[in-house]
Amino acid sequence: MKPTATVALIALAVALGACGGGGGDNSRTRLDVAAAASLTKAVTAYARQFGDANHATVRVRFGGSDELAAQVRQGVPTDVFLSADQTQPRMLHAAGAVHTPVSFASNRLVVAAAKGGGVNSLSDLANSGVKLALGGPSVPIGKYGRFAIAHLPGVNATAVLKNVRSEEPDVKSVVAKVTTGAANAGIVYVTDANAAKAQLTTIAIPQSAQPRILYDAAVGSKSKQADLARRFIDGLRTGAGRTDLQNAGFLGTEQ
Amino acid sequence: MSRRAFTALLAAALALALAFLVLPVVAIFVNVSPGELISSLGDPVARDALLLSLRCTLIALALIVVIGTPAAYLLATRSFRGRAALITALELPLVLPPAVAGIGLLAAFGPRGVLGDTLNSAGITLPLSTTAVILALCFVASPFYLRQGIAAFAALDPSLAEASRTLGASEARTFMRVALPVATSSLGAGAVVAFGRALGEFGATLMFAGSLRGVSQTLPLAIYASFADDFPAALAMSALLVIVSGALLGAVKLASLRDGSTPSDAPDPRTQAPLPARA
């Protein structure tokens, strides 16, 4: 490559980098939100609307709740932390990394099964040769999934656990293993199964095997936008965000 | 600009690069005491992950060398139409993000993939298995070996092969007795780079092979899995990976110094001149 071409390329890269880093309109306040992967659809919709209404740029990063909590603990700037459980926000609160958490939604579990994958009922989960994907033991969906397996009526939990072929870092990853057919079935949130319902079938899990899945939100203790962050969370509980959550299949915290 | 000022500028750039590249690695060791490092080896999850990583990486490397060496020899010693395009296709995984590699492997070898029905009817299911890990490692690492192999064979002095043939050796014999021995150190360097890349593979493995202790949870996956709830363990395993990879890199540098040829240190015209990418 000619030197002039190289210089031009570098200049272009720097120029692009400068635009990207500035985030465009500097007059807008910025809200950094870390949200559990299962909230992707609902919170993406709500964040856009909230940003427009409050003249703010809401940046949401999605991931496994435990992974996001680790980032918060390591000091990654976070104004709002939305977790798929109560444990992570409580631990962060105890460590002084976030303010007092509040619950804003609840969820239910369902078995997501690959179409034509041979899993048609809960008892099929224990059949030999069935390949299951669960969340890893440190991720909420992994803990909930194991709770459900242990409480499935009339199903041999040991046999089901023997069929686990992968422990995924978050719920999206579990769904992906099922939709691609790599696994025959997985235990996921109703909301994630809904989002991918064209590509999988679902098997209901009875109430007796449902863990209590409350989603907690907390404001980062180092947040410079604590008021805005609090309003963001309030909107999830009672405002526009609640509608987005309901549309995605989440339930209220009353149940 | 005076020469001294220019040198200062160069030194500043080097210092910046050095600080940026070295600090994260040093930080890992600042946070892990040697005692913790040793006790992490006693952690069954870390030990299983390390052993699985080494096993899969060695098997992948063996496949890469056995298939890659003759393939590289062909590409280096024959000229034909479309050779450059072929080499580019083989090198493509070098620039692909691991996520693309993972999707590609699923789309090719997954149950819904291009070869899904064929594999199914043969009773083979690849995803979520140790075999899937090895395939993912081969996919991401083999271009590094092929690239170096083509360069190594292309750099052979043609008069050597000619002399061998004049003396009545068949081409196969020339390959085995002349080309291979002369190219060994250069091929070795390629193998080490491929080994290092395979050892660190993460994304394609997670997507194609999943993550299960003893089956598909390699060391990078174990680091990721414990990153959230056990940061010290993740640090200790990271330190372990740095040591293994660093030892490998050091071994190559030492071996190449001992040979007198320095394929990875200096632009040795013998190995560097005919860059396959530009052929």
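Residue ranking by accessible heavy-atom surface, 1.4 Å probe, largest first, among A:LEU31, B:LEU86, B:LEU212 comes out as B:LEU86, B:LEU212, A:LEU31.
If a spin label sat at a point 7 angstrom from the Cα of B:ALA122 along the line to its beta carbon, no backbone N atom of the range A:183-199 would be nearer than 15 Å. Taking all protein chains as shown and a probe of 1.4 angstrom, B:VAL30 keeps an accessible surface of around 110 Å².
Since only A:ALA69, B:LEU96, B:LEU51 are under comparison, the one whose Cα sits farthest along the positive direction of the charge dipole of the protein assembly as shown, derived from C-beta charges on Lys, Arg, Asp and Glu, is B:LEU96.
Given R₀ = 60 Å, FRET efficiency for B:GLU162-B:LEU248 by Cβ-Cβ distance, to 0.05?
Numbers: r = 36 Å, r/R0 = 0.60.
The calculated FRET efficiency here is 0.95.
Using per-residue counts of other Cβ atoms within 10 Å, averaged over each peptide, order A:218-229, A:48-59, A:104-115 from highest down.
Numbers: A:218-229: 18.4, A:48-59: 16.2, A:104-115: 22.9.
Taking the mean over residues of other Cβ atoms within 10 Å, the ranking is A:104-115, A:218-229, A:48-59.
Output the pairs from A:LYS143/A:LYS177; A:LYS41/A:LYS177; A:LYS172/A:LYS224; A:LYS172/A:LYS222 with a Cα-Cα distance over 24 Å in this structure; if there are none, say none. Write down the numbers at each step before the final one.
Working: A:LYS143/A:LYS177 18 Å; A:LYS41/A:LYS177 19 Å; A:LYS172/A:LYS224 31 Å; A:LYS172/A:LYS222 29 Å.
Among A:LYS143/A:LYS177; A:LYS41/A:LYS177; A:LYS172/A:LYS224; A:LYS172/A:LYS222, the Cα-Cα distance tops 24 Å for A:LYS172/A:LYS224; A:LYS172/A:LYS222.
Label zone (A:GLN49, point 7 Å along Cα-to-C-beta; backbone nitrogen cut-off 12 Å) within the range A:224-255: A:235-248. Separation of the range A:177-255 and the range B:144-202, taken as the distance between their Cα centroids, equals 56 angstrom.
Average accessible surface for the range B:165-207: 46 Å² per residue, computed with a 1.4 Å probe over protein heavy atoms with every protein chain in place. Averaged over the residues of peptide A:181-187, the number of Cβ atoms from other protein chains lying within 10 Å of each residue's Cβ is 4. Separation of the range A:122-138 from the range B:51-79 is 36 Å, based on Cα centroids. Cα centroids of the range B:221-242 and the range A:72-91: 20 Å apart.
For peptide A:124-137, what's the mean number of Cβ atoms from other chains within 10 Å of each residue's Cβ? Before the final figure, lay out each step's value.
Numbers: counts 0, 0, 0, 0, 0, 1, 0, 6, 1, 4, 1, 0, 10, 3.
Rounded to a whole number, the mean comes out at 2.
In summary, the aspartates and glutamates within cross-link reach of A:LYS131, defined as a Cα separation below 19 angstrom excluding same-chain residues under 8 places away, comprise A:GLU167, A:GLU168, A:ASP170, B:ASP117. When only alpha carbons of the protein assembly as shown are considered, Rg and Dmax amount to 27.0, 90 Å.
Shape of chain B from its Cα gyration tensor (a ≥ b ≥ c, root eigenvalues): rounded if a/c is under 1.5, otherwise prolate when a/b > b/c, or oblate? Let's see the in-between values first.
On the way: a/c = 1.91, a/b = 1.17, b/c = 1.64.
Cα axes put chain B in the oblate bin.
In a reduced charge model with +1 at each Lys and Arg Cβ and -1 at each Asp and Glu Cβ, the protein assembly as shown shows a dipole moment near 740 debye about its Cα centre. The contact between chain A and chain B removes approximately 1700 Å² from the accessible area (both sides summed; 1.4 Å probe; ligands, DNA and RNA excluded).
Here the accessible area is traced with a 1.4 Å probe on the protein chains. For the protein assembly as shown, carbon and sulfur cover 64 percent of it. In this label model, B:LEU54 and B:LEU94 are separated by 3.0 nm, measuring between points 7 Å along each Cα→Cβ vector. Annotation for B:ARG78 and A:THR243: the two label points, set 7 Å from Cα along the Cα-Cβ direction, are 6.7 nm apart. Relative to the Cα centre, the charge distribution of chain A, modelled as +1 at Lys and Arg Cβ and -1 at Asp and Glu Cβ, gives a dipole magnitude of about 220 debye.
Here the range B:1-140 is described by how far its Cα atoms reach on the three principal axes: 68, 53, 27 Å, from widest to narrowest.
Would you list B:TYR145, B:TYR224 from the most to the least accessible area, probe 1.4 Å? If you can, show how the numbers build up before the last one.
Working: B:TYR145 5, B:TYR224 70 Å².
In descending accessible area the options line up as B:TYR224, B:TYR145.
Computed from the C-beta positions of A:ARG90 and B:LEU41 and an R0 of 30 Å, the FRET efficiency is 0.35 to the nearest 0.05. Please name which of A:PHE104, A:ALA114, A:ALA94 has its Cα lying farthest along the dipole of the range A:68-131 towards the positive end, using unit charges on Cβ (Lys, Arg +1; Asp, Glu -1) and the Cα centre as origin. About the Cα centre, the residue reaching furthest to the positive side is A:ALA114.
The values are calculated or read from the model by the stated rules, or taken from the named source; none is laboratory data. Note that this is a predicted model, so its numbers are computed, not measured. All Cβ positions, even for glycine, are placed from backbone atoms using ideal geometry, and neighbour counts span all protein chains on display. Side chains included, ligands, DNA and RNA excluded: accessible areas come from the protein's heavy atoms. Shrake-Rupley method; radii C 1.70, N 1.55, O 1.52, S 1.80 Å.
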